[in-house]
Amino acid sequence: MFGINLQDSFLIKWFSNRVYSFSNFGFAKISPSIENKKAFFEKLSFKKRKDLLIKDKKDAGALKVKKEILKKNYQIYTDLLLKYDYIKIAEELIGEKVYPYIVMHLINDKKTKELIWHRDQYFHGKNFIGPKFKLYKLAIYLQNTNKNNGATGFIPKLISPRIRNRYLDTIFAYLSSFLSIHPRLSIGEAVIFSGKVMHHRPKQKNNKYREAIIFSCTNNPNNLPNLKDDKNEFLNVFLRSKKNSESNNK
Ligand SMILES: [Fe+2]
């Protein structure tokens, strides 16, 4: 009996202390403090505005907010990131600066398929595939999210050797996927993960549609010289707001 109790307490402790260190896991959870979360995220939600969504077949059939609508909301997304410290917390977790440059707002429904195990950046033989600079994804979840409604799953960096063949790498991911972690996220929580970490989006199993806002980020705006000159690019909307908020805080 004693043994079982000991084991229970160890397991409970382990499950309740699930803080994923970015350096070992390749991902980490961001828990900002936001008041009246439910009402706040309902305002941002497109769940009741399906006419503004478009199905993306390349992304396993996820429903995405149309580009022109997305652009109108750039300031709202920027304020969300800065005002509620998502960026600040992300920078503390990963130990370097975080600059978002692309935003995607998407909903999974029952028809959305699994997005298979993959890395956003990897070697295939001698070729490096994906962006040639530091890439992070920051995903904010608009409802409580777990494995049953499409929480992104990860195979921790420590136990996921990067095989330089994309096919073998994917096969190995499926073989080791029993060790994967699907963080449980409450409304408004986020994850930040490296472009190099193995991840997937499971198929939705219940009716609680998963809605998320996902930002592609890098560690230096100079990594993106092509975006520099267009003041309407998301990166530049973000940089202006960041500058304003810093000068207001002085
Ligand atoms: Fe991905």
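So in segment 134-152, with the set limited to residues that are within 16 Å of the ligand (Cβ to nearest atom) and modelled with pLDDT of 95 or more, which one is farthest from residue 100 (Cα to Cα)?
Among those that are within 16 Å of the ligand (Cβ to nearest atom) and modelled with pLDDT of 95 or more, it is 141.
Being within 16 Å of the ligand (Cβ to nearest atom), in contact with a helix residue (DSSP H, G or I) (Cβ under 9 Å, 6 or more places away or on another chain) and farther than 24 Å from residue 150 by Cα narrows it down to one residue among 105, 124; which is it?
Within the list 105, 124, the selection yields 124.
Restricting to segment 144-158, name every residue that is among the hydrophobic types (A, V, I, L, M, F, W, C) and not in a strand (DSSP E or B).
Those that are among the hydrophobic types (A, V, I, L, M, F, W, C) and not in a strand (DSSP E or B): 151, 158.
The conditions are (1) polar (S, T, N, Q); (2) more than 16 Å from the ligand (Cβ to nearest atom); (3) crowded, with 16+ Cβ neighbours inside 10 Å; (4) under 26 Å from residue 82 (Cβ atoms), and residue 218 fails exactly one of them. Which is it?
Failed condition: (2).
So residue 243 ticks every box in (1) within 16 Å of the ligand (Cβ to nearest atom); (2) part of a helix (DSSP H, G or I); (3) basic (Lys, Arg) but one. Which box is left unticked?
So residue 243 meets the others, but not (1).
So residue 108 passes all but one of these: (1) surrounded by 22 or more Cβ atoms within 10 Å (Cβ to Cβ); (2) under 21 Å from residue 218 (Cα atoms). Which condition number does it fail?
(2)
Across segment 65-90, what is the total count of residues that are buried (at least 17 other Cβ atoms within 10 Å of the Cβ) and more than 27 Å from residue 49 (Cβ to Cβ)?
Residues meeting the conditions: 2.
So, of the residues in segment 167-215 that are modelled with pLDDT under 90 and of a type in the set (S, T, N, Q), which turns out to be nearest to the ligand (Cβ to nearest atom)?
The extreme case among them is 204.
Just to be sure I understand, how many residues within segment 181-200 are of a type in the set (Ser, Thr, Tyr) and assigned to a strand (DSSP E or B)? Steps first, answer last, please.
Narrowing segment 181-200 to residues of a type in the set (Ser, Thr, Tyr): 186, 194.
Retained after the next criterion (residues that are assigned to a strand (DSSP E or B)): 194.
Result for segment 181-200: 1.
Determine, yes or no, whether residue 76 is under 28 Å from residue 247 (Cα atoms) and either within 16 Å of the ligand (Cβ to nearest atom) or β-branched (Val, Ile, Thr) (or both).
In short, yes.
Which condition breaks for residue 159 when tested against (1) at pLDDT 95 or above; (2) more than 16 Å from the ligand (Cβ to nearest atom)?
Just one mismatch for residue 159, condition (1).
What number of residues within segment 204-215 satisfy the criterion of being surrounded by 17 or more Cβ atoms within 10 Å (Cβ to Cβ) and not aromatic (Phe, Trp, Tyr)?
Within segment 204-215, residues that are surrounded by 17 or more Cβ atoms within 10 Å (Cβ to Cβ) and not aromatic (Phe, Trp, Tyr) number 6.
Could you tell me which numbered condition residue 43 fails, if it satisfies all but one of (1) within 16 Å of the ligand (Cβ to nearest atom); (2) more than 22 Å from residue 158 (Cβ to Cβ)?
(1)
Would segment 177-184 turn up any residue that is out of contact with any Ser or Thr (no Cβ under 9 Å at 6 or more places or on another chain), touching a residue at least 12 places away in the same chain (Cβ under 8 Å) and within 24 Å of residue 43 (Cβ to Cβ)?
no
Can you name the condition, by its number, that residue 114 falls short on among (1) modelled with pLDDT of 95 or more; (2) within 16 Å of the ligand (Cβ to nearest atom)?
Evaluating residue 114 over (1) modelled with pLDDT of 95 or more; (2) within 16 Å of the ligand (Cβ to nearest atom) leaves (1) as the failure.
Among 141, 74, which is under 16 Å from the mean Cα position of the chain (by Cα), of a type in the set (Ser, Thr, Tyr) and over 20 Å from residue 166 (Cβ atoms)?
When all the criteria are applied, what remains is 141.
The values are calculated or read from the model by the stated rules, or taken from the named source; none is laboratory data. Source: prediction; values computed, not measured. Positions of Cβ are backbone-derived with ideal geometry, glycine not excepted, and every protein chain shown enters the neighbour counts.
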